[in-house]
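Remarks on the structure that follows.
The values are calculated or read from the model by the stated rules, or taken from the named source; none is laboratory data. Model, not experiment: these values are computed from the prediction. Ideal geometry is used to build each Cβ from the backbone, glycine not excepted, and the neighbour counts take in all protein chains shown.
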Amino acid sequence: MKKLLITVFVLFGMTSAFAGGDAAAGKTKSAACAACHGADGNSLAGAFPKLAGQGERYLVKQMKDIQCGALSASEQKQRKCDGRPVPQMTGQLDNLSDQDLADIAAYYAGQATSVGQAKEALVQKGEAIYRGGISEKGVAACTACHSPTGKGNGPAGFPALSGQHADYVATQLKAFRKAADGDKTGRMNDGETSVMRDIAYRMSDGDIEAVSSYVSGLH
């Protein structure tokens, strides 16, 4: 919980430094993204995240982290950036400026998110984890950062989970867990407090499947 509070304070402290982009320009600049993420940011395949309705701050950070992930370890250290290697994104963001990223983020942030359908057999367990965490494992409730409705917290940079593909959410939780277990190929761009790594490390495959399914139908 201490890590969670520190992260909230740090991210809220950065809010005033964020400048939004131009959604109209972003629509044009996002044309190449449509093949995987859908023209309006609602991807059809579970391997690709839905971007529609995500907060601008979160989207910009992830795109910058992906740009950073394409750099060598020494370059990442020199630039002091959080690398997030995403093979499917190789080359996609290489020539985009900070303004381009802000514009694309603004466009997707303004789109409506489509909602999926949670597996009925997993709803009870998934909801219990999302709203109450897992006390015996020290897993905090997801609502603390992602809101009771799954809309996230745009100003703080916490992502929306409502309607996100269950497969994608599960993959990311397992990637955070892998990183927490010392595997450098896992996902490590959750900041110095490693909040998501700490949470995912305490979750079983069953826990991850249940909460991932639940958020896909949450709205």
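Summary table below
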{"quantity": "Long-range neighbours under 9 Å by Cβ, at least six apart or interchain, first residue without any contact (Cβ under 8 Å) to a residue 60 or more places away in the chain within the stretch 25-36, second of a type in the set (S, T, Y)", "calculated": "T28/Y107; C36/S43"}
{"quantity": "Condition met for M89 (closer than 22 Å to V169 by Cα and over 14 Å from the mean Cα position of the chain (by Cα))", "calculated": "yes"}
{"quantity": "Failed condition for C68, given (1) farther than 20 Å from V215 by Cβ; (2) outside the structural domain of N42 (by TED's automatic domain parsing)", "calculated": "(2)"}
{"quantity": "Selection from the stretch 104-130 of residues that are acidic (D, E) and either at pLDDT below 95 or in contact with a helix residue (DSSP H, G or I) (Cβ under 9 Å, 6 or more places away or on another chain) (or both)", "calculated": "E127"}
{"quantity": "Residue in the stretch 154-169 that is out of contact with any strand residue (DSSP E or B) (no Cβ under 8 Å at 6 or more places or on another chain) and over 24 Å from E56 (Cβ atoms) present", "calculated": "yes"}
{"quantity": "Output for the stretch 114-149, where each listed residue is assigned to a loop (DSSP other than H, G, I, E, B) and in contact (Cβ under 8 Å) with a residue 40 or more places away in the chain", "calculated": "S114, V115, G116, Q117, A118, K119, G138, A140, C142, T149"}
{"quantity": "Matching residues in the stretch 51-90 - criterion: being without any contact (Cβ under 8 Å) to a residue 12 or more places away in the chain and not basic (K, R)", "calculated": "S72, A73, S74, E75, Q76, Q78, P87"}
{"quantity": "Whichever residue in the stretch 174-189 is in contact with a helix residue (DSSP H, G or I) (Cβ under 6 Å, 6 or more places away or on another chain) and in contact (Cβ under 8 Å) with a residue 60 or more places away in the chain and, among such residues, is surrounded by the most Cβ atoms within 10 Å (Cβ to Cβ)", "calculated": "R187"}
{"quantity": "Residue in the stretch 190-203 that is under 16 Å from G116 (Cβ atoms), among the hydroxyl-bearing types (S, T, Y) and either touching an Asp or Glu at 6+ places or on another chain (Cβ under 6 Å) or not in a helix (DSSP H, G or I) (or both) present", "calculated": "no"}
